[in-house]
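Some notes on the structure that comes next.
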């Protein structure tokens, strides 16, 4: 899995909400957050099912700029989703 942090050149809050919903329907996308006010966001996805180039093509009307890219394991994704109250020390 890959996490891509993005900065958008132009996107409205309504467009951000709509694109976030469309991406969330894709089975290759595990997490997505797009903020139309601050014009940034991130997508966590499986690159074997959805190539990064295709993802960027879908976002092209909003002038996306890749800020960072990080490889994630399923365990890291799950741990990042947990609240600090729910984690157990090893």
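Read-outs: derived from the displayed coordinates by stated rules, not from any lab. It should be emphasised that the depicted structure is a prediction, and the values quoted were computed from it without experimental measurement. With ideal geometry, Cβ positions are generated from the backbone for all residues, glycine too; neighbour counts draw on all protein chains shown.
Are there any pairs, at least 6 apart or on different chains, whose C-beta atoms fall under 6 Å, with the first in region 24-41 and touching a residue at least 12 places away in the same chain (Cβ under 8 Å) and the second buried (at least 18 other Cβ atoms within 10 Å of the Cβ) and part of a loop (DSSP other than H, G, I, E, B), and if so, which?
Going by the 6 Å Cβ cut-off, the qualifying pairs are 28/50; 36/11; 39/11.
Looking only at region 17-54, count every residue that is surrounded by 13 or more Cβ atoms within 10 Å (Cβ to Cβ), touching a helix residue (DSSP H, G or I) at 6+ places or on another chain (Cβ under 7 Å) and assigned to a loop (DSSP other than H, G, I, E, B) and tell me the total.
Qualifying residue count for the region: 1.
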